[in-house]
Every structure is written in structure tokens, then in C-alpha cells.
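Working notes, beginning with the structure itself.
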Amino acid sequence: MAVHEILAATNAVVTLDVALPGIVWPWFVTMNMWAKSIGTGVIFMLFLLLRMHPESGKKLRFHTAVAAFVFINIFLLFTLADLHQPFRMWHIFFYPHWTSAITIGSFIASAFLGLLTLLVFLGWKGQNKDESNDTYDKLLLWVTILAIPVTLYTAALLSQCTARELWQMPSESAQMILAALLSGSAFMILLGGDKLSYEAKKTLGVVLGLSALMSFIIYMSEYVFGAMKAEEIAFTLEYIKGDGPYTVMFWLGQWMTYIIPMVLIVLSRSSKSKAILKLAAILAIVGLFMVKHVWLIIPQLLPMS
């Protein structure tokens, strides 16, 4: 062994030799995930509307781009606020490590934000014109494609936390996509208002209802009925079962985000009520924050030793 290698091996510096107590990733990260879901979800929904209901979709080009721009900036702001050294974030771009999900996600999110900025400009430029905005629609295709890895970014990042078994579930990538579809359709219902035709609202309601149903089934399969073999997961899930400290928040989130909106969407279709559909959308958006918060917090309550 070379001398410099021996010196390097015998002069190691211990920077942390105890487990970090308490919650390391607080509500900042919940806000991060929630805002990211809305920011990418409205892009998915606009892409859908322009193909299925173009008359409604073209009225929302500018408004949707602005909404996505705002929520993606909220996502990036809270990501930056959660960093231990936020003023060193520029190192990610000038000294990138391509094996890191943070590095890859930062570049993808930055590219997504750049295209969103251009989308806002094109939407503003063409908002008073009745004819189609071909440049906007062509760019929207690439923005929609890029929204997929941005949505999946958090699942990829948290899956690297090997000590937190609950975050390792393969279905978490599906949950991230479903959260974007659910929050995006819900926000679009509120954003569109009278600009949306009845058929467009029905389509958004179907997306909201199916996303809620699929997410609820996955949660119940994993958290309630799933046979968790890992002791770490079984211990963690006690926080949301029985008299656990997060039982109320977990089930309140499930009811607000998934169960009640599904029922309200069925009622809105039978009664053609705009108010009921809007109520379903509001509950889904608010409840999603609680669902994501419980998912984030309870694995961190597990002692590391």
C-alpha cells in the first residue's frame, strides 16, 4: 500500500458517531412534495384537456402555466430551505455527482422550470387570441414529458434511505404519479371554473376519482392489509394503527383525500352539481398534504439503534 493511502486510512475524521434524534425532514419536505404534485399535475391535465376538450383547454393555457410555475417554485423554495447548507447549493451544478438523485433531480427540475418560464411567456403572448397556439402546444409536449421524472424525483430520493423500510416500497413511484394526477385534476377543476365545459369537468372528475381509488387501494394494501415481514415496517405502522399518535391524521387524510371525494364525484355526476365537484377538489388538495405528511414522518420516528 502506498504511503499516502496509509496516511489517508489512519487519519480518518469522525464527523457523526450518534444517530440523529427526532424528525430530520419536517413539514418543509411535505410542502415540497405537495407543491410538486400540483405543479406537475396541472401540466398533465392541460395536456389531456387540449387533446380531449380543446375548446376548454385553450382557454387555460396561460393560467395553467402560471399555476405550474408558482407551485414548482414553491417546491424548489422549500427544497432549498430544507438544505443544511442552502447557500452552497450551487455546488450541485458546478461539482455534480451523477450517482446522486439530488444532482440528477436538480438538473431536471431546473430544466423543467426553464421550459415552464417560456410556457408562461407564450401563454401570455397568445392569451387574447382565438386561434391555436402551435408553439405553445409543441413546447407543452416536452414539458409534460419532463414533468414525469420531476414527479418521480422524491420517490427516487427517499428510496436511497435504506434504513427507512417504508420508503422502499416499489409502489411509491406509482403513488407519486397518482398524487400528481389527483391534485392536478382537483386544482384544474377549481382553476377552470366556468371556462371548462361540462364534458371537460366530467373528464377531470373521472381522473380525480380513479386516482383517489387507486391510491386508496395501494395504501390499504400496504399499510392495513399487507403482511409486513420486516420488523422495522411493522413497528413503524403501529404509529397509524390502533391508538398510535398518527392514527387520527392518517385516517382523516384517507377520508378527505380519497373516500369522500370519490363519493362526491359520483353525486356530482348524478346531480350535475358544480358545487359538489368543487368541494371534492378542495378536500382532495387539502387532504393530500396530510397523507404525504404522515407518510414522511412516521418512518422517521423509528429509533435507529
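Structure values in brief
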{"item": "Subset of the stretch 71-88 (residues that are closer than 21 Å to Thr117 by Cβ and free of Cβ contacts under 8 Å to residues at least 12 places away in the same chain)", "result": "Leu77, Leu80"}
{"item": "Filter result for the condition that a residue is of a type in the set (Phe, Trp, Tyr) and under 25 Å from Val150 (Cα atoms), over Phe187, Phe225", "result": "Phe187"}
{"item": "Answer residue from the stretch 249-305, given it is at pLDDT below 90 and among the β-branched types (Val, Ile, Thr) and is farthest from Phe28 (Cα to Cα) among those", "result": "Ile298"}
{"item": "One residue from Val143, Val150 being more than 24 Å from Trp295 (Cα to Cα), β-branched (Val, Ile, Thr) and at pLDDT 80 or above", "result": "Val143"}
{"item": "Pairs where the first residue, in the stretch 97-126, is more than 22 Å from Gly41 (Cβ to Cβ) and the second is hydroxyl-bearing (Ser, Thr, Tyr) and surrounded by fewer than 18 Cβ atoms within 10 Å (Cβ to Cβ), C-beta under 8 Å, 6+ apart", "result": "His97/Thr103"}
{"item": "Meets criteria (within 18 Å of Asn32 (Cα to Cα), under 22 Å from the mean Cα position of the chain (by Cα) and modelled with pLDDT of 95 or more) for Ala111", "result": "no"}
{"item": "Near pairs, Cβ below 6 angstrom, 6+ apart or cross-chain, from the stretch 254-281 (more than 23 Å from Ile217 (Cα to Cα)) to any residue that is modelled with pLDDT under 95 and of a type in the set (D, E, K, R)", "result": "none"}
{"item": "Residue satisfying condition, being surrounded by 15 or more Cβ atoms within 10 Å (Cβ to Cβ), more than 18 Å from the chain's Cα centre (by Cα) and closer than 20 Å to His53 by Cα, within set Leu208, Leu277, Leu181, Leu237", "result": "Leu277"}
{"item": "Neighbours by Cβ (under 6 Å, 6+ apart or cross-chain): first from the stretch 55-70, more than 17 Å from Leu116 (Cβ to Cβ); second surrounded by fewer than 18 Cβ atoms within 10 Å (Cβ to Cβ)", "result": "Ser56/Ser197; Lys59/Lys195"}
{"item": "Selection count, the stretch 116-143, where residues are surrounded by fewer than 17 Cβ atoms within 10 Å (Cβ to Cβ) and part of a helix (DSSP H, G or I)", "result": "10"}
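The values are calculated or read from the model by the stated rules, or taken from the named source; none is laboratory data. Remember, predicted model here, so these are calculated numbers, not experimental data. So basically every Cβ, Gly included, is an ideal-geometry build from the backbone, and we count neighbours across all protein chains shown.
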